[in-house]
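Just so you know, all these numbers are worked out from the coordinates, no wet-lab data involved. Remember, predicted model here, so these are calculated numbers, not experimental data. Note: ideal-geometry Cβ built from the backbone for every residue, glycine included; neighbour counts use all protein chains shown.
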C-alpha cells in the first residue's frame, strides 16, 4: 500500500512539472480585427474652442489657469486663452512632436476632508473621480524651447475628439495609444 502511494505521488509530481513546462512555451500572437487600431472609428471633429484647464509645462507660464483651447487653422497653431479671452500662449502645430490622452483617478477635496471624520470617514475616503488630461510634447525650432504640457478636459469624448483633431492638424501618426511626429 505504501509503495503504490509513493508511486502515485511521483507520477503526480512528474505530471505537475510537465504541465508547468508546457505552460512556458512561447505563444504566437494573433491579429484580431476587433482590436486593430486602424479599424476603430474616428472620433468626431473637435469644436474650434474647447474648455480646458492648463496644468503646467509651458516655459515662462507657471500658473494653473482655467480657459479655452482654440484651434487656429489660419496661423496653424493651438492657442490657450484665459477666461477673459486673453491669449496666454500658442503652440504651433509644427512644434508638436507627441500627444496622448491620460486618465488619473483622484480623490476630491470633500472626500479627503470627510475621510478624517470617525466612523463615517472610511467609505467617504474611498471616493475617487477620473480626471482626463491632454498631454502634449513640443519642440519649437523657432524659439528653441521644448517641453511637455498638459490640459485638463471635461470628459473622455471631448478628450478623444480634441486629441484626434489635433493629431490630424499637426500631421502626427498614431502609434498605439499615442500620436507622434515621424522623422523626415
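What the table shows:
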item	result
Residues residue 19 and residue 51, FRET efficiency given R0 of 45 Å [Cβ-Cβ distance, rounded to 0.05]	0.20
FRET efficiency, residue 83 to residue 183 (Cβ-Cβ, R0 35 Å, nearest 0.05)	0.35
Length released on extending from residue 173 to residue 73, taking residue separation times 0.36 nm less the Cα-Cα span	34.1 nm
Contour minus Cα-Cα distance for residue 130 and residue 10 (0.36 nm per residue)	37.9 nm
Calculated FRET efficiency for the pair residue 102/residue 59, C-beta based, R₀ 25 Å, to 0.05	0.75
